[in-house]
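Step one of this worksheet: look at the structure below.
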Amino acid sequence: MHNYDEPVYLISIVAKILDIHPQTLRQYERENLICPSRSNGRIRLYSQRDIDKIKLILRLTRELGVNLAGVDIILRLKDNVDAMEKEMTDLRNQVNRAKNAHSVPPEKSLVTTRSTYEMIIFEE
């Protein structure tokens with residue numbers, strides 16, 4: 001079994017799997033919608049992640065009628081949302097670790113502060 005990001009599929013195999021022409025894959029690469037890895041001999045190699053992204057592109061163009069410029073915008077927005085969701089998850093984990101690091105739960109802890117004022121009265 002291969003890693004999700006491991007580039008193992010040749011362009012002809014991907015074209016056959018997705019039932020599209022290899023030129024379509026080359027066009028998606030020219031439009032910077034996908035970026036397959038290259039072997040030492042400059043042969044395009046696609047990962048399962050690349051295939052899933054191509055499936056998304058095909059769904060957007062075929063089923064929803066989005067043009068390639070629109071697909072580019074959608075993919076960029078999706079990447080931004082994914083990055084923000086990851087950042088939010090990381091921040092939640094940090095907050096939970098900080099909460100669990102206390103020996104007394106924050107909601108049960110009591111912090112008191114005292115201030116002392118001295119008054120000096122001068123008489124004439």
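Look at the stretch 75-93: where a residue is within 27 Å of Leu33 (Cβ to Cβ) and in contact (Cβ under 8 Å) with a residue 24 or more places away in the chain and a partner is assigned to a helix (DSSP H, G or I) and among the basic types (Lys, Arg), sitting 6+ places away or on another chain with Cβ atoms under 9 Å, you get Leu75/Lys53. There is at least one residue in the stretch 51-60 that is in contact with a Gly (Cβ under 9 Å, 6 or more places away or on another chain), without any contact (Cβ under 8 Å) to a residue 60 or more places away in the chain and of a type outside the set (Gly, Ala, Ser).
Residues are listed down the side, and each one gets a yes or a no for (1) exposed (fewer than 14 other Cβ atoms within 10 Å of the Cβ); (2) in a loop (DSSP other than H, G, I, E, B):
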| residue | (1), (2) |
| --- | --- |
| Pro7 | no, yes |
| Ile17 | yes, no |
| Thr24 | no, no |
| Leu33 | no, yes |
| Arg49 | no, no |
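Of the candidates Asn67, Asn80, the single residue that is under 19 Å from Leu25 (Cα atoms), out of contact with any Cys (no Cβ under 9 Å at 6 or more places or on another chain) and not basic (Lys, Arg) is Asn67.
Each value in this text was obtained by applying a stated rule to the coordinates, not by laboratory testing. This structure is a prediction, so every number in the text was calculated from the model and none was measured. Don't worry about glycine lacking a Cβ; one is built from the backbone with ideal geometry, like all the others, and counts go over all protein chains shown.
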